Amino acid sequence: MSKSILVLVIFSALLSCTNSSKKTNSSTVDVEPDSVYVPTYAKQFVIKYFQDYKIVEVNDPWDDAAPKHQIVLSSSSEYLKKNIDAIQVPLKRWVAVASTQISYADKIEGAMDALVGMAEPQYVSNPTVVNGLKTGAVRNIGTAFAPDLELLIDIDPNVMMISPFKEDFYGPIRQAGIKLAMNSSYLENTPLGRVEWLVYVAAFFNKEQEAIDEVHNIAQRYNNVKSLTQELTDKPTVVSGKIYQGVWYAAAAQSYNANYYADAGADYIFKDRPGTGSLSYDFETVYNSGAEADYWVLLVNYNGNYSYEALKDEDVRYKDFDAFKNRKVFFSNTGKSLFYEKGLLEPDVVLSDMVKVFHPNLLPNYTPCYYKMMTKE
């Protein structure tokens with residue numbers, strides 16, 4: 001065979017492979033879905049359903065114009081044979097990197113049974129994780145930012161569920177062939193928005209309808225509590241946060257915590273400062289706006305019984321706030337209250353805690369769960 005003919009044969013073969021690849025990819029790209037799940041409260045994901053597969057799409061949190069993160073899920077053996085990048089569902093083996101992912105999984109039948117790896121498990125109190133670590137059924141993969149790659153390869157999960165960060169820590173894991181699913185629930189700025197990521201996690205176990213029903217029930221309970229405060233005209237003022245490494249981080253006006261304050265019938269001191277994340281201020285800025293606030297709300301992780309003395313020891317200037325002087329500081333000690341684990345899917349309870357503080361007459365017989373008034377001097 002002459003050299004020119006050989007080149008032509010090779011080129012034809014490559015062109016054939018390319019066309020074949022395009023045909024395979026066309027089954028999941030530029031095809032109209034049979035239906036689409038568009039969340040009611042969450043803003044960062046959708047689920048597109050096709051005959052033999054579904055595509056979970058997650059927005060790029062840092063660039064609205066960037067391509068969406070897509071992951072293809074299928075229960076069809078024929079489809080999976082032809083599309084090697086698709087993930088078989090329900091998952092048989094998966095890895096989590098955040099306690100919030102465990103909170104969702106614990107509500108989904110079969111999800112915890114399939115968990116084989118956990119990052120930073122010391123921050124997780126779920127019994128399945130705790131017992132799994134003891135028996136070896138769940139492996140400690142290290143930190144979320146730098147997991148143990150050799151261990152991950154040994155575990156061989158169907159997927160590793162990750163949280164998005166501006167810096168991509170997961171390049172080596174991708175290169176090792178481990179499939180990643182982006183869970184952006186922490187970027188949702190409303191309590192019910194975060195709750196609805198239950199449906200996202202459920203998609204990996206073919207349990208979406210059960211999750212949708214659960215989200216509906218949670219939303220109904222939450223809105224029932226919220227309705228108690230919406231006609232109120234007398235709303236107490238509230239300041240939040242405290243100094244951390246020289247910076248006072250406070251909730252922006254459209255943030256997760258600020259939405260809680262508004263729904264609980266409080267007048268937040270920074271309600272006119274737009275944003276969905278945290279505000280970074282010096283002490284003087286917060287003091288000028290919040291020194292006379294009626295209440296002060298804190299999230300702390302404190303080893304012991306948090307007290308006014310402990311708060312003052314952190315910064316003596318705190319005692320100059322009216323809420324401190326009048327003993328109207330309320331807080332959640334997250335390490336003990338499990339606010340970040342259980343509270344995620346009990347926003348109606350968290351909201352009730354706040355309503356009980358701001359408007360105790362509206363819930364006279366209610367006992368707070370996650371938040372409580374600071375009583376220890």
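The values are calculated or read from the model by the stated rules, or taken from the named source; none is laboratory data. Values in this document were obtained by computation on a predicted structure and should not be read as measured data. Heads up, the Cβs are rebuilt from the backbone with ideal geometry, glycines too, and the neighbour counts pull from every protein chain shown. Quick note on the areas: whole protein, heavy atoms, side chains included, nothing else; ligands and nucleic acids left out. Shrake-Rupley method; radii C 1.70, N 1.55, O 1.52, S 1.80 Å.
Observations on the model:
- Taking the criterion of being hydroxyl-bearing (S, T, Y) and surrounded by fewer than 19 Cβ atoms within 10 Å (Cβ to Cβ), the residues of segment 305-324 that qualify are S307, Y308.
- S289 modelled with pLDDT of 95 or more, buried (at least 17 other Cβ atoms within 10 Å of the Cβ), more than 22 Å from the chain's Cα centre (by Cα) and of a type outside the set (A, V, I, L, M): yes
- Criterion: farther than 23 Å from D85 by Cβ, at pLDDT 95 or above and open to solvent by less than 30 Å² (accessible area, probe 1.4 Å) - qualifying residue of V138, V159: V138
- Looking across segment 237-249 at every residue that is part of a loop (DSSP other than H, G, I, E, B) and either in contact (Cβ under 8 Å) with a residue 24 or more places away in the chain or in contact with an Asp or Glu (Cβ under 9 Å, 6 or more places away or on another chain) (or both), the one that is nearest to Y104 (Cα to Cα) is identified as G241.
- Applying the criterion of being closer than 19 Å to I218 by Cβ and either without any contact (Cβ under 8 Å) to a residue 40 or more places away in the chain or under 27 Å from the mean Cα position of the chain (by Cα) (or both) to the residues of segment 363-375, the residue that is surrounded by the most Cβ atoms within 10 Å (Cβ to Cβ) is Y371.
- Residue count for segment 333-357 satisfying the condition of being closer than 23 Å to L232 by Cβ, in contact with a Phe, Trp or Tyr (Cβ under 7 Å, 6 or more places away or on another chain) and of a type outside the set (K, R): 9.
- Looking only at residues of segment 141-151 that are open to solvent by less than 90 Å² (accessible area, probe 1.4 Å) and within 11 Å of A119 (Cα to Cα), we find that the one that is nearest to the chain's Cα centre (by Cα) is A144.
- The listed residue being touching a Lys or Arg at 6+ places or on another chain (Cβ under 8 Å) and either open to solvent by 50 Å² or more (accessible area, probe 1.4 Å) or not in a loop (DSSP other than H, G, I, E, B) (or both), out of L299, L279: L279
- The condition of being among the charged types (D, E, K, R), closer than 27 Å to N326 by Cβ and open to solvent by less than 60 Å² (accessible area, probe 1.4 Å) holds for only one of D234, D272, D263, that being D263.
- Only a single criterion out of (1) modelled with pLDDT of 95 or more; (2) farther than 28 Å from A219 by Cα; (3) under 21 Å from the mean Cα position of the chain (by Cα) is not satisfied by A42, namely (2).
- Taking the listed residues L351, L299, L338, the one that is closer than 30 Å to T100 by Cα and in contact with a strand residue (DSSP E or B) (Cβ under 6 Å, 6 or more places away or on another chain) is L299, with no other qualifying.
- Total residues in segment 282-296, condition more than 13 Å from Y249 (Cα to Cα) and either acidic (D, E) or touching a Lys or Arg at 6+ places or on another chain (Cβ under 6 Å) (or both): 3
- For segment 187-207, the count of residues that are surrounded by 16 or more Cβ atoms within 10 Å (Cβ to Cβ), without any contact (Cβ under 8 Å) to a residue 40 or more places away in the chain and either acidic (D, E) or in contact with a helix residue (DSSP H, G or I) (Cβ under 7 Å, 6 or more places away or on another chain) (or both) is zero.
For (1) within 19 Å of Y256 (Cβ to Cβ); (2) open to solvent by 10 Å² or more (accessible area, probe 1.4 Å), each residue gets a yes or a no:
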| position | (1), (2) |
| --- | --- |
| N326 | no, yes |
| V329 | no, no |
| G335 | no, yes |
| E346 | yes, yes |
| V350 | yes, no |
| D353 | yes, no |
| N361 | no, yes |
| E377 | no, yes |
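- Residues (surrounded by 12 or more Cβ atoms within 10 Å (Cβ to Cβ) and in contact (Cβ under 8 Å) with a residue 24 or more places away in the chain) located in segment 162-175: I162, S163, P164, F169, I173
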